[in-house]
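In what follows, a structure is listed as structure tokens, so that the remarks can point back to it.
The values are calculated or read from the model by the stated rules, or taken from the named source; none is laboratory data. What you are looking at is a predicted structure, and each value in this text was computed from that prediction instead of being measured. FYI the Cβ positions are ideal-geometry reconstructions off the backbone, even for glycines, and counts take in every protein chain you see. SASA here: full protein model, heavy atoms, side chains in, ligands and nucleic acids out. Shrake-Rupley method; radii C 1.70, N 1.55, O 1.52, S 1.80 Å.
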Amino acid sequence: MLVLVAPGQGAQTPGFLTPWLELPGAADRIAGWSDAIGLDLAHYGTKADADEIRDTAVAQPLLVAAGLLSAAALDASPAVVAGHSVGEITAAALAGVIDDEAALRFVRTRGLGMAEAAAVTETGMAALLGGDPDVTVPHLEKLGLTPANVNGGGQIVAAGTAAQIAALAEDKPEGVRRVVPLKVAGAFHTSHMAPAVERLREAATALKVADPKITYVSNADGKTVAAGDEVISRLVGQVANPVRWDLCMETFAELGVTALIEAAPGGTLVGLAKRALPGVQTLALKTPDDLDAARALISEHAGA
């Protein structure tokens, strides 16, 4: 059984879209999406530097576009789809809940709304390496921080104000080896993002929504969601609530997943799966050179 997953913000690197645009029809698709959302995706994916693509309003549409482009090139029929944070919008499109252009319009609104919310207060996120979640989470809450991403394998990402992140670096939870600040523009998946929730809720009313055609696993609690309206409702609320990727991976195991492919720009979620899902074969789509190996994996695992 194959699961196709889509990464979240922070996976982007300068120029990562360049090789994908060389595929037949890819440049035209990117141009069409760029026109639809008023953002030059080709420029940002090929020529922009790291600071430019760190901008939330740019990074999020760029990631969804890359995920959809790479999945289309793969031409896979996964049994299960899921995405980490903004990758859930990619997953919703792959499941047929919304079409590709609607996904790009929706993520453009999400990115702009979250960027505006992040500008209100100086906030940030930091990854904690090592430690026991049962010890780490209460410690974060004591410091006023939110465990915004619980990623499995002991990895937790904390979010809060700049002052709270600085305090965490000086007062690490027991067992945590390092606190690594992330190159993101705000405290995503916390109450600081509440204004973006309202903006997305309004945008969602214009979406044409269908029920998922394949199994869709939600970040909110790792549950499968069978109703399209419920998928969208969760996408709206997700920006101000923690990502429970650990629970998503538990669900993959319960469903009997035997292989995991991560859409472009792949790598992050494959790394988590290697630690949390022993025995599951994994592959990250980093460039089109990975497509043949991915198709071989699909032929072996997609029949379930």
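Accessible surface computed residue by residue for the stretch 20-179, with neighbouring protein chains in place and a 1.4 Å probe, gives 37 Å² per residue. Ratio of Rg to Rh for the stretch 24-170: 1.03 [Cα atoms; Kirkwood radius as inverse mean 1/r over pairs]. Taking 0.36 nm per residue of separation and subtracting the current Cα-Cα distance, fully stretching the chain between residue 142 and residue 55 would add 28.3 nm. Compared with the alpha-carbon gap, the fully stretched path from residue 253 to residue 194 is longer by 18.0 nm at 0.36 nm per residue.
In the calculated pair-distance distribution of the stretch 150-200, the portion above 13 angstrom amounts to 65 percent of the Cα-Cα pairs. Largest first, the three principal axis extents of the alpha carbons in the stretch 108-174 are 37, 24, 15 Å in whole numbers. Beyond 23 Å in Cα-Cα separation lie the following of the pairs 142/274; 183/286; 223/274; 47/286: 142/274.
Taking the accessible area of the chain, probe 1.4 Å, and keeping the other protein chains in place, the carbon and sulfur fraction comes to 50%.
In this structure the amide hydrogen of residue 284, modeled in the peptide plane, comes within under 5 Å of the amide hydrogens of 262, none closer than 5 places in sequence on its chain. For the chain, the C-alpha radius of gyration sits at 0.94 times the compact-globule guess of 2.2 N^0.38 Å, with N the residue count. Once the C-beta distance of residue 171 and residue 120 is scaled by a Förster radius of 25 Å, the resulting FRET efficiency is 0.45 to the nearest 0.05.
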